[in-house]
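All of the numbers you see were taken from the coordinates with simple rules; none came from a lab. Only a predicted model underlies this, so the values are computations on that prediction, with no experimental measurement involved. Neighbour counts are summed over all protein chains in view; Cβ atoms, including those assigned to glycine, are modelled from backbone coordinates with ideal geometry.
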Ligand code: NAD
């Protein structure tokens, strides 16, 4: 049994409680035993249990937000936003359940018929560190409302705050919800367990691939993958440049650039490039690194030393850096994984440069000037990812035309690439995922359809 202790990324002198990896087999077996009872309970009963969980989460919302900020370094204001989304998610998921779980029947069939949505059985949910509760929670509540039982394996980097979430959920839901701590080893044990019939994974492409490979022979197992991004903001000549610069700076720095939908590329019409860069520099000056536990902090630390080393390697590349970046040893007298925003100018010829194609997961932005709408589209699609893109333009028709040619699951007009509310579906194309939209409507992937016909 492995044990570990996380340190607070914003203050490395703060060590959190020791965590031990859990017994995956025992958790899955417990969820499997509960499967019939929970699956055969009424939707009203399951909604009531989820409402009880919502009350528990609401009561502990401040403590959960503090836990996220302390353990992951996410600024407390953002962490409070995450918990608000967690609480709101339960009502959204109940509305989805009432809509998508309803039986359907078809009049153009000669026999009496219906299509029923059956729970799959035991579902595994594996979460990342950057939204340690919210992203897993969206899948967890959808699976539970659809009548599945769930085993949740959180990120080991957010084990303490997820344990607190787990206690609240267990109090309200009993054995239908299980939590098991651990890392990649436990993740593999979980997804390959034969009783697990559905997997929702959110994390890196490398881990997503490892999961897809591990379950390939179990053809009936459903796997939803929500993976990385290299998201572009396209700034057209007619754009409101101040709005674009504000949105880019924010989407680059929220969660210190550690969001799957962070903006890490800007593709700007060459006519307005200089103006946009001036405005962006002014906006980024407001993102000084700060203590994640302070209300005023807008740029927290990175999650780990490994993440900081990856950032440092990226900004050490000999390129045309217009904001150099750096990693201050201390901020406000505290040692942490703090970094500064960094911005580099690249040309169209650099399209294969890793700064334009690889997810760095830190506040590093690459700007490329474009000579035409077609070149902007080609550059946008020139990465292995396909998660979000934003187009800044005053022309709605241009947005609709361009968005059709962008290979991303989510395309926004005049909004930050990070503007992905729980009230809409969310999911990636290409290496960003396997087209199982998370967010709104995920419950469609939490059931199997069973078709009934009765001879008339
Ligand atoms: P990660 O892949 O390192 O870890 C995610 C989870 O997977 C953790 O719980 C980890 O323990 C587990 N894991 C790691 N290797 C595994 C394996 N081989 N088998 C099974 N489980 C394994 O990711 P992270 O660093 O926690 O999160 C950052 C990544 O997540 C980024 O790439 C980001 O873009 C992505 N992400 C995607 C979305 C989305 O909705 N598309 C949302 C948030 C984060």
**Q.** Global geometry of segment 168-281, whether rounded, prolate or oblate, following the gyration tensor of its Cα atoms and the 1.5 cut on a/c
**A.** prolate
Q: For residue 41 paired with residue 105, estimate the spin-label separation in nm (one decimal), with each label point 7 Å from Cα along the Cα-to-Cβ line.
A: 2.9 nm
Q | Cα-based helix-to-principal-axis angle, 159-173 vs the chain, degrees rounded to 10 | A | 30 degrees
Q. Suppose R0 equals 35 Å; then what is the FRET efficiency for residue 58 and residue 98 from their Cβ-Cβ distance, rounded to the nearest 0.05?
A. 0.95
Q) Hey, if you drop one equal point scatterer on each alpha-carbon of segment 158-210 and run the Debye formula without solvent, what base-10 log of I(q)/I(0) do you get at q = 0.13, 0.21, 0.32 Å⁻¹? A) -0.39, -0.95, -1.22
Q | For segment 285-409, share of DSSP beta bridges that run antiparallel, in % to the nearest 5 | A | 50 percent
Q: List the residues of segment 61-76 whose backbone N lies under 18 Å from a point placed 7 Å from the Cα of residue 84 along the Cα-to-Cβ direction.
A: 61-69, 74-76
Q: Could you give me the percent of Cα pairs per 10 Å distance bin for segment 267-331, shortest bin first, beginning at zero and ending with the bin that holds the maximum distance?
A: 16, 39, 34, 10, 0
Q.
Kirkwood Rh and Cα-based Rg: tell me the resulting Rg over Rh for segment 39-155, rounded to two decimals.
A. 1.09
Q) What is the helix-to-structure angle for 24-40, meaning the angle in degrees between its Cα long axis and the longest Cα principal axis of the chain, kept from 0 to 90 and rounded to the nearest 10? A) 60 degrees
Q. If you count the DSSP beta bridges with both ends in segment 87-215, what percent of them are antiparallel, to the nearest 5?
A. 5 percent
**Q.** segment 340-456: C-alpha gyration tensor shape, a/c 1.5 cut-off, then a/b vs b/c
**A.** prolate
Q.
Report the gain in length on full extension from residue 423 to residue 13: 0.36 nm times residue separation, minus Cα-Cα distance, nm rounded to one decimal.
A. 143.7 nm
Q: Assuming a ≥ b ≥ c are the square roots of the Cα gyration tensor eigenvalues, decide whether segment 359-413 counts as rounded (a/c under 1.5), prolate (otherwise, with a/b larger than b/c) or oblate.
A: prolate
Q: Measure of size requested: the Rg and Dmax of the chain, with Cα atoms as the atom set and Å as the unit; please supply both.
A: 22.6, 79
Q) Mean residue ellipticity at 222 nm from the helices of the chain, using -39,500 (n - 2.57) per DSSP H segment of n ≥ 4 over the full residue count, to the nearest 500 deg cm²/dmol? A) -12000 deg cm²/dmol
Q | Surface/4 estimate of mean projected area, convex hull on alpha-carbon atoms of segment 290-361, nm² | A | 5.4 nm²
Q: Give me the distance in nm between label points sitting 7 Å out from Cα along the Cα-to-Cβ direction at residue 91 and residue 324, one decimal.
A: 5.0 nm
